[in-house]
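Worksheet for the structure shown next.
The values are calculated or read from the model by the stated rules, or taken from the named source; none is laboratory data. Keep in mind that what you see is a predicted model, and the values were worked out from it rather than measured. Reconstructed Cβ throughout: ideal geometry from the backbone, glycine too, with neighbour counts over all protein chains shown.
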């Protein structure tokens, strides 16, 4: 199974000049724990609900500051034609539950986000179930 078959397509994107509060409101509206952040049509980072909690709230950062003040700039990604099992291994190795999905290595256009939950929703065999469990093992 390929990532394109399980990913959440066309994610909302937030501008780099948005505030932390705006990001939190957008996450609530989209029912998402992750928000791609872009500047001049270029993906510059991914903001997670954990970033807001750990880097903003816990540190006393104002919700009116820009998301770029707390943004993790490294963008972890996969491609839409990657095999799900290899993506699960990548998630396990990187200790993340979500990855940005790009269309291909040449264009690198954002086409979706894939999460362990997306994969679990489409899981239809024992091998996939084992791969999901292995991916999440470090959380326990």
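A few notes on this one:
- The residues listed here are 60, 45; of these, the one that is exposed (fewer than 14 other Cβ atoms within 10 Å of the Cβ) and farther than 29 Å from residue 124 by Cβ is 60.
- Candidate set: segment 55-113, residues that are over 26 Å from residue 18 (Cβ atoms), assigned to a loop (DSSP other than H, G, I, E, B) and at pLDDT 90 or above; chosen: the one nearest to the chain's Cα centre (by Cα): 80
- Where residue 12 falls short, out of the listed (1) out of contact with any helix residue (DSSP H, G or I) (no Cβ under 6 Å at 6 or more places or on another chain); (2) surrounded by fewer than 18 Cβ atoms within 10 Å (Cβ to Cβ): (1)
- Of all residues making up segment 16-42, the number that are loosely packed, with under 14 Cβ neighbours inside 10 Å and over 14 Å from the mean Cα position of the chain (by Cα): 8
- Listed conditions (1) at pLDDT 90 or above; (2) surrounded by 12 or more Cβ atoms within 10 Å (Cβ to Cβ); (3) out of contact with any strand residue (DSSP E or B) (no Cβ under 7 Å at 6 or more places or on another chain) are all met by residue 134, apart from (1).
- Residues of segment 114-128 that turn out to be modelled with pLDDT of 90 or more and more than 16 Å from residue 46 (Cβ to Cβ), as a count: 0
- Any pair with Cβ under 6 angstrom, 6 or more apart, that starts in segment 1-18 at a residue that is in a helix (DSSP H, G or I) and ends at one that is at pLDDT 90 or above: 3/78; 3/80; 3/82; 3/87; 3/101; 3/114; 4/80
- Residue selected from segment 42-54 under the condition touching a strand residue (DSSP E or B) at 6+ places or on another chain (Cβ under 9 Å) and assigned to a strand (DSSP E or B), by the criterion farthest from residue 113 (Cα to Cα): 44
- The residues of segment 19-41 that are touching a helix residue (DSSP H, G or I) at 6+ places or on another chain (Cβ under 9 Å) and either at positive phi or not in a strand (DSSP E or B) (or both), listed by number, are 20, 22, 23, 24, 27, 32, 33.
- The set of residues in segment 2-36 being closer than 21 Å to residue 123 by Cβ and in contact with a strand residue (DSSP E or B) (Cβ under 7 Å, 6 or more places away or on another chain) consists of 2, 3, 6, 7, 8, 9, 33, 34.
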